[in-house]
Amino acid sequence: MDIRLARIDDRLIHGQVAMVWSKQTGINRIIVVSDEVAKDHLRKFLLMEAAPPGIKVNIVTISKLLQVYTSQLFQNEKVMLLFTNPYDVATLVRNGVQIKKVNIGGMSFSNGKEMITNFVSVDQTDLAAFHFLNRQGIEIELRKVPADRKVYLMDLLEKKERT
């Protein structure tokens with residue numbers, strides 16, 4: 001499996017992902033990795049419908065992705081992994097999935113979360129996952145679309161801690 005992009009965006013497949021990121025990365029498959037979404041038949045159907053033409057979509061649990069990660073079936077696939085949160089990414093990394101960098105496209109605000117940008121809100125669980133990923137040498141950057149300037153999450157968090 002050739003992971004071209006690992007992206008956290010709680011909206012999952014939408015215009016920016018479907019059109020811009022898929023073209024930029026040259027993928028032929030989007031894999032949504034979420035235990036919650038994989039159990040929601042309506043949400044799965046809507047996500048499959050939102051995929052751009054010619055791009056295959058799978059919506060799988062974390063354990064299913066771990067099962068197929070080294071499968072010959074996906075050997076020649078150029079993949080975008082989509083997540084709703086950073087701890088699912090950390091779970092895959094802890095279990096041997098090789099991810100070099102993570103793009104954050106959007107994490108909505110909710111009770112208990114703090115806004116760190118106008119499109120990313122985090123809580124302590126999110127921060128713990130991001131710190132784990134950073135310790136593994138994984139680059140974590142915030143960008144809605146490829147044309148946006150990269151903002152490195154750890155630099156942003158470090159600035160916030162100093163103020």
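The values are calculated or read from the model by the stated rules, or taken from the named source; none is laboratory data. In this text the structure is predicted, and so the values were computed from the model without any measurement. Here the Cβ is made from the backbone with ideal geometry for all residues, glycine too, and neighbour counts use every protein chain on show. These accessible areas exclude ligands, DNA and RNA; they are computed on the full protein's heavy atoms, side chains included. Shrake-Rupley method; radii C 1.70, N 1.55, O 1.52, S 1.80 Å.
Kindly provide the set of residues from the stretch 1-17 that are part of a loop (DSSP other than H, G, I, E, B) and either under 19 Å from residue 67 (Cα atoms) or open to solvent by 50 Å² or more (accessible area, probe 1.4 Å) (or both), ordered by number. Walk me through it before giving the result.
Let us first name the residues in the stretch 1-17 that are part of a loop (DSSP other than H, G, I, E, B), namely 1, 10-14.
Result: 1, 11.
So, in the stretch 28-40, of the ones that are farther than 17 Å from residue 97 by Cβ and of a type in the set (D, E, K, R), which residue ends up surrounded by the most Cβ atoms within 10 Å (Cβ to Cβ)?
First, the residues of the stretch 28-40 that are farther than 17 Å from residue 97 by Cβ: 28, 36-37, 39-40.
Subsequent filtering for residues that are of a type in the set (D, E, K, R) retains 36, 39-40.
Details: 36: 11, 39: 11, 40: 13.
Checking each candidate, the answer is 40.
Specify which of the listed residues (119, 45, 83) is within 25 Å of residue 134 (Cβ to Cβ) and free of Cβ contacts under 8 Å to residues at least 40 places away in the same chain. Show your work before the answer.
On the way: 45 fails: within 25 Å of residue 134 (Cβ to Cβ); 83 fails: free of Cβ contacts under 8 Å to residues at least 40 places away in the same chain.
Residue meeting the stated conditions: 119.
Check the stretch 18-27 and report whether any residue there is part of a loop (DSSP other than H, G, I, E, B) and surrounded by 15 or more Cβ atoms within 10 Å (Cβ to Cβ).
First pass over the stretch 18-27, keeping only residues part of a loop (DSSP other than H, G, I, E, B): 26-27.
This time we only want the ones that are surrounded by 15 or more Cβ atoms within 10 Å (Cβ to Cβ), so: 27.
Taking every residue of the stretch 18-27 in turn, at least one turns out to be part of a loop (DSSP other than H, G, I, E, B) and surrounded by 15 or more Cβ atoms within 10 Å (Cβ to Cβ).
Could you grab me the full set of residues in the stretch 140-163 that are open to solvent by 60 Å² or more (accessible area, probe 1.4 Å) and touching a Lys or Arg at 6+ places or on another chain (Cβ under 8 Å)? Lay out the reasoning, then the answer.
Our first condition is that a residue be open to solvent by 60 Å² or more (accessible area, probe 1.4 Å); within the stretch 140-163, this holds for 144, 147-150, 152, 155, 158-163.
149, 150, listed by residue number.
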